[in-house]
Every structure is written in C-alpha cells, then in structure tokens.
Amino acid sequence: MKALKNILITVAALVGLFIVIGLFLPNTWEVQKSVTMAASKENIYEHVANLAKWLEWSPWNDTKDTSLKYTYEGPEIGAGAQQNWTSDKMGTGWLKITEANPEKGINYDLFIDMGRFQSNLHGEMAFETVDGQTKVTWTDRGENGGNIIRKWMALSMGSMLGKDMEEGLNKLKQIVEATKEEQEVKEEIKEEVKEEVKDQE
C-alpha cells in the first residue's frame with residue numbers, strides 16, 4: 001500500500017507540474033523558414049500564388065498520403081483563391097489566399113479539421129531581394145488560447161512543421177531555378193534567330 005501511495009503521489013505531482021508549467025507557456029506559436037533562390041519574384045509568385053501549383057513543391061501531397069484529394073474555388077491565382085482538401089490522415093480543411101502581390105508575396109488563412117482537433121493558422125510567403133536573388137521567407141503562426149495541451153504540443157511545432165517547410169522551400173527553389181534556366185535558353189535562342197534573320201537581310 002505504501003508503494004502504491006508513493007506512486008499516486010508521484011503521478012499527482014507530475015500532473016500538477018504539467019498543468020502549472022503549461023499555464024506559463026506562450027499562447028501563440030510561430031514557425032519561420034527562409035531559402036534564397038536564383039529566380040525572379042515574378043517567377044516565384046507564379047508558383048506560390050497559384051494554389052494548384054503547390055502540388056509541385058508542397059511537402060503535403062498525395063505522394064505521402066494517397067487518400068489526399070484537392071478541390072479549388074475562386075480565381076486561379078492571387079487573393080481569393082482557395083484550396084480545399086480531404087484526407088483519411090489529415091482530415092479536412094482549406095487554405096485561402098487573403099493578400100497577393102508579385103513584389104511582396106502572399107498571405108493566407110488556413111483551417112484544419114481533424115475531428116476532435118481543429119486549428120486556424122495564418123501564414124505568409126514573403127519575398128525580399130538579396131544580392132540579385134530572391135529570399136523567400138515562409139511563416140506559419142497560430143494561437144493556443146488557454147488550452148494547456150495545445151501549448152505543450154506547440155513546443156514541438158518548430159521541429160515538425162519546420163522540417164516540412166524547409167522541404168517545400170527547397171523543392172520550390174529547384175523548380176523556379178530550373179524554370180529560370182529554361183527561360184534564359186529560350187531568350188538566347190530568340191536572340192540567335194534575330195541575328196540570323198538580320199544577317200540574311
């Protein structure tokens with residue numbers, strides 16, 4: 001009985017510690033990752049402001065979850081564009097672009113519904129010119145409110161979500177830089193054709 005009593009006291013103490021510490025954890029969370037890309041803002045914008053193109057670089061796609069299905073609402077690109085999804089693993093939800101600017105990037109709202117767990121997020125992908133290249137900063141942020149369990153879960157948000165965001169940014173980098181090279185080759189061919197035509201004249 002004494003051993004059982006000690007165990008119960010220890011468990012109660014741990015639960016109390018969990019609650020007390022949880023009360024002092026932040027009510028908000030934020031995860032931010034950046035990657036610099038050798039591509040123009042305009043090129044990058046075409047891939048982030050068009051939600052259908054997110055499937056090309058986003059870490060959340062049907063290669064990892066075959067049950068994931070997307071539908072789209074609103075304009076094809078820019079503010080008002082909305083992506084909806086259903087998934088056996090990720091539940092249902094939507095992402096809607098609230099602001100879009102080819103020079104600055106995009107802002108969006110995101111809602112996730114996994115039954116007992118629901119969450120509203122706010123995110124942005126901001127562009128900044130750095131040494132002739134474009135730095136893309138992806139930020140997601142949300143609120144925990146007074147929910148202690150969510151506060152504790154948010155502590156691991158940086159490593160879990162941050163890893164996915166880095167994967168997505170690096171994939172985006174590969175795509176836009178490859179697109180830039182293709183455009184440069186096309187421009188060179190156009191110039192060569194112009195020169196040949198000029199010489200023939």
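A few notes on this one:
- Answer residue from segment 98-127, given it is of a type in the set (Asp, Glu) and in contact with a Gly (Cβ under 9 Å, 6 or more places away or on another chain) and is surrounded by the most Cβ atoms within 10 Å (Cβ to Cβ) among those: 124
- Selection of segment 65-89 for residues being farther than 23 Å from residue 105 by Cα and either touching a residue at least 40 places away in the same chain (Cβ under 8 Å) or assigned to a loop (DSSP other than H, G, I, E, B) (or both) yields 65, 66, 67, 68, 88, 89.
- Residues within segment 64-91 that are under 29 Å from residue 102 (Cα atoms) and hydroxyl-bearing (Ser, Thr, Tyr), tallied: 3
- One residue from 115, 162, 168 being in a loop (DSSP other than H, G, I, E, B), at pLDDT 75 or above and within 28 Å of residue 85 (Cα to Cα): 115
- Meets criteria (part of a helix (DSSP H, G or I), of a type in the set (Val, Ile, Thr), modelled with pLDDT of 95 or more and under 15 Å from the mean Cα position of the chain (by Cα)) for residue 44: yes
- Taken together, the criteria place residue 90 among residues that are crowded, with 16+ Cβ neighbours inside 10 Å, more than 26 Å from residue 38 (Cβ to Cβ), hydrophobic (A, V, I, L, M, F, W, C) and at pLDDT below 95.
- Of the criteria (1) in a helix (DSSP H, G or I); (2) modelled with pLDDT under 95; (3) of a type in the set (Phe, Trp, Tyr), which one residue 60 fails: (1)
- Of residues in segment 118-159 being in a loop (DSSP other than H, G, I, E, B) and modelled with pLDDT of 85 or more, the one farthest from residue 43 (Cα to Cα): 131
The values are calculated or read from the model by the stated rules, or taken from the named source; none is laboratory data. Just so it is clear, the model here is predicted, and its values are computed rather than measured. Virtual Cβ from ideal backbone geometry, glycine too; neighbours counted across all protein chains shown.
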